[in-house]
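Just below is one structure, and these are the notes that go with it.
The values are calculated or read from the model by the stated rules, or taken from the named source; none is laboratory data. Only a predicted model underlies this, so the values are computations on that prediction, with no experimental measurement involved. Note: ideal-geometry Cβ built from the backbone for every residue, glycine included; neighbour counts use all protein chains shown.
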Amino acid sequence: MLLWSSDLQGLSLLCLFFCSRMGLLLKILVPFVGLVLAFCFYSKEDFKPEMLKGKRVIVTGASTGIGEQMAYHLARMGAHVLITARTEAKLQKVVTRCLELGAASAHYMNGSMEDMALAEDVVKEAKQLWGGLDMLILNHIGYTYFNYFDGDVEHIRKLLEINFLSYVAMTVSALPMLKESGGSILVVSSTAGKIGIPFVAPYSATKFALDGFFSSLRQELIIENINVSITLCILGHIATETAEKTVSHVMQKPGAPKKECALEIIKSGALRKRELYYPYTTVRIPLLIRDWTPEFLDSLIRNSLNVEKVKRS
Ligand SMILES: NC(=O)C1=CN([C@@H]2O[C@H](COP(=O)(O)OP(=O)(O)OC[C@H]3O[C@@H](n4cnc5c(N)ncnc54)[C@H](OP(=O)(O)O)[C@@H]3O)[C@@H](O)[C@H]2O)C=CC1
Ligand SMILES: C[C@H](CCC(=O)O)[C@H]1CC[C@H]2[C@@H]3C(=O)C[C@@H]4C[C@H](O)CC[C@]4(C)[C@H]3CC[C@]12C
């Protein structure tokens, strides 16, 4: 089995974690881990901001949070940006800021991604504006509660439209241009799209759906030698306004910085990575133990939350 450098890092951290418990650390694994980390360090591809200069990029859900920060990073790198969300006033401010930061151009389209026509119209606008597309960053999400599942099936149907089907609709519309440019699709997902986390059942379903669809589509693009990359971005808790409003009372640690998170997403897409894990340690290690000791991982997740503070609404 071919291990990627980032997986070697994850496995090394895992070995350190388990063997530090068994006192083997100083005898066997320190040299091994040293060799592995040296390999990982020297095998890293280098990201350069110039990679994004003049590139034509759509960022959805960019009126606030991680999407807003991605728009600003792209602007600093000299990209053309087209951003979407529902709140026009916020989008106007982000576009203005993007132009101040050096964007090659900056435009917005406002509307809800419940409407599949909007999803397709955003891609048509990119064709109208730029004649093509280099990067599609699918980031928006609909209203997400953090509580016991309330049995509301309609809420799940609506969230699947916003968080999943609109991503598929935009991808279908954008693929002809991305094939022409050899471009990239960045799909923003979550730890909750890879493992079972309590209190986010509807949201988690939509994120698992993204993994299934885009991981299968990536296989087909490879089979047909189509040069379009798909990067699935698996994020842990990030300190955005919405997340802090929703979960700060339950979380035992603060979220990771949204600005750094946004940059790591862009870098992973530009380097055409298969998946991004951010923050690496808190996301990658649970995934490494997920299939070996699922019950142990489930208990770790439950113990990482102040579950007593979640009251059925
Ligand atoms: N923050 C975190 O802890 C984590 C976040 N993630 C993922 O990162 C991504 C961004 O998260 P975050 O920045 O926290 O989210 P925010 O809530 O900060 O931003 C969500 C964005 O989506 C837009 N949006 C909301 N509803 C709709 C809709 N119906 N149609 C179109 N756009 C809509 C919002 O703008 P408007 O309201 O104006 O429409 C906003 O721009 C998401 O995919 C999320 O799953 C993953 C793991 C952890
Ligand atoms: C609690 C989870 C981290 C568990 C761990 O030990 O690492 C967080 C991982 C993913 C987070 C949720 C997420 O994906 C974004 C949602 C979007 C909304 O902004 C509200 C917050 C989220 C429900 C967020 C909540 C914490 C996580 C489940």
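Miscellaneous remarks
- THR144, sole failed condition from (1) at pLDDT 95 or above; (2) near ligand 1 (Cβ under 9 Å from one of its atoms); (3) of a type outside the set (Gly, Ala, Ser); (4) not in a helix (DSSP H, G or I): (1)
- Evaluating ARG274 against the criteria (1) modelled with pLDDT of 95 or more; (2) within 27 Å of SER215 (Cβ to Cβ); (3) more than 17 Å from the chain's Cα centre (by Cα) leaves one unmet condition, (3).
- Of all residues in segment 218-261, those satisfying the criterion of being touching a residue at least 24 places away in the same chain (Cβ under 8 Å), of a type in the set (A, V, I, L, M, F, W, C) and more than 16 Å from ligand 1 (Cβ to nearest atom) are ILE226, VAL228.
- Condition met for TYR143 (surrounded by fewer than 16 Cβ atoms within 10 Å (Cβ to Cβ), more than 21 Å from the chain's Cα centre (by Cα) and aromatic (Phe, Trp, Tyr)): no
- Every residue from segment 120-156 that is of a type in the set (A, V, I, L, M, F, W, C) and in contact with a strand residue (DSSP E or B) (Cβ under 9 Å, 6 or more places away or on another chain): VAL122, VAL123, ALA126, LEU129, TRP130, LEU133, MET135, LEU136, ILE137, LEU138, ILE141
- Any chance LYS179 is outside any loop (DSSP other than H, G, I, E, B), within 11 Å of ligand 1 (Cβ to nearest atom), without any contact (Cβ under 8 Å) to a residue 60 or more places away in the chain and surrounded by fewer than 18 Cβ atoms within 10 Å (Cβ to Cβ): no
- Flag for PRO198 being under 18 Å from the mean Cα position of the chain (by Cα), within 16 Å of ligand 1 (Cβ to nearest atom) and either modelled with pLDDT of 95 or more or within 28 Å of VAL250 (Cβ to Cβ) (or both): no
- Taken as a whole, the condition of being surrounded by 14 or more Cβ atoms within 10 Å (Cβ to Cβ), without any contact (Cβ under 8 Å) to a residue 60 or more places away in the chain, under 30 Å from HIS80 (Cα atoms) and within 16 Å of ligand 1 (Cβ to nearest atom) does not apply to ALA205.
- Any chance ILE66 is in contact with a Ser or Thr (Cβ under 9 Å, 6 or more places away or on another chain), outside any strand (DSSP E or B), modelled with pLDDT of 95 or more and among the β-branched types (Val, Ile, Thr): yes
- Restricting segment 265-313 to residues that are among the small types (Gly, Ala, Ser) and surrounded by fewer than 18 Cβ atoms within 10 Å (Cβ to Cβ) leaves a set whose member that is farthest from PRO254 (Cα to Cα) is SER313.
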